[in-house]
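This report concerns only the one structure given below.
The values are calculated or read from the model by the stated rules, or taken from the named source; none is laboratory data. As the structure is a computational prediction, the values presented were derived from the model and not from experiment. Cβ placement follows ideal geometry from the backbone for every residue including glycine, while neighbour counts extend to all protein chains displayed.
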Amino acid sequence: MSGEERRAPTVRLKGEALEVEDPDEARQLHSSGHYGEPVDGRLRLSPVEALHLLERGRVRVVDEGGRELSFEELARRLTRRDPKTWLKYLVYSDLRRRGYVVKGGLR
């Protein structure tokens with residue numbers, strides 16, 4: 001990368017959605033680890049995917065106002081919506097570290 005550090009893709013938290021809006025960033029992130037679900041040129045991430053990627057420094061997350069969120073802030077917000085988010089994140093993250101590609105189940 002010619003001495004220049006590459007900027008992490010930006011994930012925007014909008015209501016219930018976590019999306020990478022830039023098509024190039026979305027494509028790169030999806031192809032590099034099968035993260036998220038491509039939707040109309042964007043990449044929609046699950047809460048646990050966003051937490052995992054943020055913890056590993058692979059993305060940055062901003063809220064509706066453009067303010068960057070820390071891992072702790074994002075975890076707190078997502079856990080308020082779904083109290084099981086932290087447990088789901090721990091399981092997801094463990095499986096990813098072991099080399100598995102994890103996708104959500106049928107509802």
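How many residues does region 65-88 hold that are touching a strand residue (DSSP E or B) at 6+ places or on another chain (Cβ under 9 Å), surrounded by fewer than 16 Cβ atoms within 10 Å (Cβ to Cβ) and in contact (Cβ under 8 Å) with a residue 24 or more places away in the chain?
1
Looking at region 59-68, can you tell me whether even one residue there is assigned to a helix (DSSP H, G or I), touching a Pro at 6+ places or on another chain (Cβ under 7 Å), within 21 Å of residue 26 (Cβ to Cβ) and modelled with pLDDT of 95 or more?
No: zero hits.
Please work out which one of (1) part of a helix (DSSP H, G or I); (2) surrounded by 15 or more Cβ atoms within 10 Å (Cβ to Cβ); (3) out of contact with any Gly (no Cβ under 7 Å at 6 or more places or on another chain) is the condition residue 49 fails and give its number.
Among (1) part of a helix (DSSP H, G or I); (2) surrounded by 15 or more Cβ atoms within 10 Å (Cβ to Cβ); (3) out of contact with any Gly (no Cβ under 7 Å at 6 or more places or on another chain), residue 49 violates only (3).
Check region 89-98 and report whether any residue there is in a helix (DSSP H, G or I), surrounded by fewer than 18 Cβ atoms within 10 Å (Cβ to Cβ) and of a type in the set (Val, Ile, Thr).
There is at least one residue in region 89-98 that is in a helix (DSSP H, G or I), surrounded by fewer than 18 Cβ atoms within 10 Å (Cβ to Cβ) and of a type in the set (Val, Ile, Thr).
Looking only at region 4-36, which residues are among the charged types (D, E, K, R) and either surrounded by 15 or more Cβ atoms within 10 Å (Cβ to Cβ) or assigned to a helix (DSSP H, G or I) (or both)?
Going residue by residue through region 4-36, those that are among the charged types (D, E, K, R) are 4-7, 12, 14, 16, 19, 21-22, 24-25, 27.
Once the filter is applied, which keeps residues that are among the charged types (D, E, K, R) and either surrounded by 15 or more Cβ atoms within 10 Å (Cβ to Cβ) or assigned to a helix (DSSP H, G or I) (or both), region 4-36 yields 12, 19, 22, 24, 25, 27.
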